[in-house]
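Visitor: Quick one: the structure is below, and I'll ask about it shortly.
The values are calculated or read from the model by the stated rules, or taken from the named source; none is laboratory data. From a predicted model like this one, the values you see are computed outputs, not experimental measurements. Heads up, the Cβs are rebuilt from the backbone with ideal geometry, glycines too, and the neighbour counts pull from every protein chain shown.
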């Protein structure tokens, strides 16, 4: 892990906390909300070792912070958006959107078209990762409920 990674992870953590404060997340939940941003950015950086493309890395990072957010929501008995929305902040493709707008101002329409499509892919990867993460959690919950129900039916309880 390089010094640049440490700075990026610390920035992801504090940036997520800053946006959590902006969204009125209760003070007792701020550190957990910031840790979601840390997790997402850590996954993004780690996948960069093996895969250079951003879209897949954004998707995987979104799935990871969504799984974390859903688990924290159940542990802390808080809505999952308290953890998921601030965790998504470090992944917002601001630089890509800025370049898109800069190409527009410069009149470089072909560059604009390429850049805005790339930006939309990144945003779609974030949204798709959140949806997939939430779906995984909800399917797992349903399977656990069904399993508990079936175990309850298999063992008849003696009347007292």
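Visitor: Check off (1) at pLDDT below 95; (2) farther than 25 Å from residue 37 by Cα for residue 109 and give me the number that stays unchecked.
Guide: Among (1) at pLDDT below 95; (2) farther than 25 Å from residue 37 by Cα, the lone unmet condition for residue 109 is (1).
Visitor: Report the residue count in region 20-41 for those that are buried (at least 20 other Cβ atoms within 10 Å of the Cβ) and within 16 Å of the chain's Cα centre (by Cα).
Guide: 11
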